[in-house]
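Trainee: Mind looking over this structure? Questions follow.
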Amino acid sequence: MIDRFHRNVTYLRISVTDRCQMSCSYCTLQEEPKESLSAREIGELVRVAGERLGFRKIRLTGGEPLLRPDLAEVVEEVVATSQIVEVAMTTNGLLLAGRAEELAKAGLRTVNVSLDSLDPARFRELTSSGSLDAVVEGLRAARRAGIQRRKLNVVLLGGVNEEEVVEFVRFAIAEDVEVRFIEHMPMDDSRLTSWRVDPDEIRARLREEFGELQPVATDRSGGPAELWLVGGARVGFIRAISGPFCDRCNRLRVTSEGKIRSCLLSGGEVDLAGVLRGTLPEEERASALATLFQTAADAKPPVYELMRDGAVPMRQLGG
Ligand code: SAM
């Protein structure tokens, strides 16, 4: 689907629940959880996106996707649309060990595990709950289950976990995963600058430890990460704030309650749930949904404006 600024929108991120068992220092939800889309509704949206609009990649996120007992069913619904060539999930990994096999069998091939500290005490403090061992075990179970692409998402927080970058790369080498250092995005103005980390300083620190970083060529349409080979591991930097990638943004987001969000940080929402749950016959419903997708794509701003429309909790948006 082409938007008003000629960007080819092919990547849909779906928040499958706004519930999460963690309460991270920069990502909490005060509101009561709302009803999420059902597996069947998600399947229908993906069919429209894949068959009519040219979407090729789906990411299931949340909230915490693994809190959904029917997650394998959701994956099966997504995989059933043959135009979708990549099905990924972002998770905190806490429950992954017990579910990896079931999800791999359903067709999940890529998992991103969010992990902001390898220090058990700091991990507990940052997440207000959770066992680091369980997350690491989840990552290993994913490998055993045959989930081929495993990535670690590390949100770098100045003065909190930035000193762990070398350790994260060592961990990535040992566990055969890609690690991606992500800039913290201020979703409310109180912390606009206090957690900022200079990516050049981080790269310098890695160079000191592992020698020259080798750039990995990407076609830049594959995602926002700048990729490097560091000591044999693939290391990505996602600079949403210091190096925005809006000009090649190829994504739309569906919130857990069934609204399309045009942009993570700004732009409006378009409600899909009303049509999904309405009384239109199937064919007309698919056309109406396709039109709503196009409306949302056309509302994508050329460049995001931080907090223009107020912050929407990450848990509803899925990051
Ligand atoms: N529960 C899942 C998880 O932990 O990965 C999926 C949802 S979580 C909102 C998705 C990702 O967004 C996590 O990697 C989280 O660290 C990241 N995230 C949340 N708030 C953020 C912020 N303000 N800036 C950057 N990343 C953020």
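Trainee: Has the stretch 222-233 got at least one residue that is in a strand (DSSP E or B) and in contact (Cβ under 8 Å) with a residue 60 or more places away in the chain? Reasoning before the result, please.
Mentor: Start the filter on the stretch 222-233 by keeping residues that are in a strand (DSSP E or B), which leaves 226-230, 233.
Narrowing further to those that are in contact (Cβ under 8 Å) with a residue 60 or more places away in the chain: 230, 233.
Scanning the stretch 222-233 turns up at least one residue that is in a strand (DSSP E or B) and in contact (Cβ under 8 Å) with a residue 60 or more places away in the chain.
Trainee: I'm told residue 157 meets every condition in (1) aliphatic (A, V, I, L, M); (2) touching a His at 6+ places or on another chain (Cβ under 7 Å); (3) closer than 25 Å to residue 72 by Cα except one. Can you identify the failing condition by its number?
Mentor: Against the list (1) aliphatic (A, V, I, L, M); (2) touching a His at 6+ places or on another chain (Cβ under 7 Å); (3) closer than 25 Å to residue 72 by Cα, residue 157 comes up short only on (3).
Trainee: Filter the stretch 162-187 down to the residues that are under 20 Å from the mean Cα position of the chain (by Cα) and more than 20 Å from residue 223 (Cβ to Cβ) and list them by number.
Mentor: Within the stretch 162-187, 186, 187 meet the criteria.
Trainee: List every residue pair whose Cβ atoms lie under 6 Å apart, where the two residues are 6 or more positions apart in sequence or sit on different chains, the first residue falls within the stretch 27-43 and is at pLDDT 95 or above, and the second residue, located anywhere, is away from the ligand (no atom under 16 Å from the Cβ).
Mentor: Final answer for the pair search is 37/258; 39/70; 39/73; 39/77; 41/276; 42/77; 43/77.
Trainee: Anything in the stretch 109-129 that is out of contact with any Asp or Glu (no Cβ under 9 Å at 6 or more places or on another chain), over 21 Å from residue 182 (Cα atoms) and in contact (Cβ under 8 Å) with a residue 40 or more places away in the chain? List them, or say none.
Mentor: Within the stretch 109-129, 129 is the sole residue that qualifies.
Residue-wise test of (1) under 16 Å from the mean Cα position of the chain (by Cα); (2) of a type in the set (Asp, Glu); (3) more than 16 Å from the ligand (Cβ to nearest atom).
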{"site": "26", "(1), (2), (3)": "yes, no, no"}
{"site": "38", "(1), (2), (3)": "no, no, yes"}
{"site": "43", "(1), (2), (3)": "no, no, yes"}
{"site": "89", "(1), (2), (3)": "yes, no, no"}
{"site": "97", "(1), (2), (3)": "no, no, no"}
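Trainee: Let me ask something additional. Among 163, 137, which is of a type in the set (Asp, Glu), within 23 Å of residue 61 (Cβ to Cβ) and out of contact with any strand residue (DSSP E or B) (no Cβ under 8 Å at 6 or more places or on another chain)? Reasoning before the result, please.
Mentor: Numbers: 163 fails: within 23 Å of residue 61 (Cβ to Cβ).
Result of the check over 163, 137: 137.
Trainee: Quick check on my filter: what residues within the stretch 1-24 are within 10 Å of the ligand (Cβ to nearest atom) and either under 23 Å from residue 302 (Cα atoms) or surrounded by fewer than 20 Cβ atoms within 10 Å (Cβ to Cβ) (or both)? Steps first, answer last, please.
Mentor: Of all residues in the stretch 1-24, those within 10 Å of the ligand (Cβ to nearest atom) come to 13, 15-22, 24.
Answer for the stretch 1-24, where residues must be within 10 Å of the ligand (Cβ to nearest atom) and either under 23 Å from residue 302 (Cα atoms) or surrounded by fewer than 20 Cβ atoms within 10 Å (Cβ to Cβ) (or both): 13, 19, 21, 22, 24.
Trainee: Let me spell it out: the conditions are (1) within 16 Å of the ligand (Cβ to nearest atom); (2) at pLDDT 80 or above; (3) among the acidic types (Asp, Glu), and residue 188 meets all of them except one. Which number is the exception?
Mentor: Looking at each condition in turn, residue 188 falls short on (2).
The values are calculated or read from the model by the stated rules, or taken from the named source; none is laboratory data. For clarity, every value in this text was computed on a predicted model and none was experimentally measured. Glycine also receives a Cβ, built like all others from the backbone with ideal geometry; neighbour counts cover every protein chain displayed.
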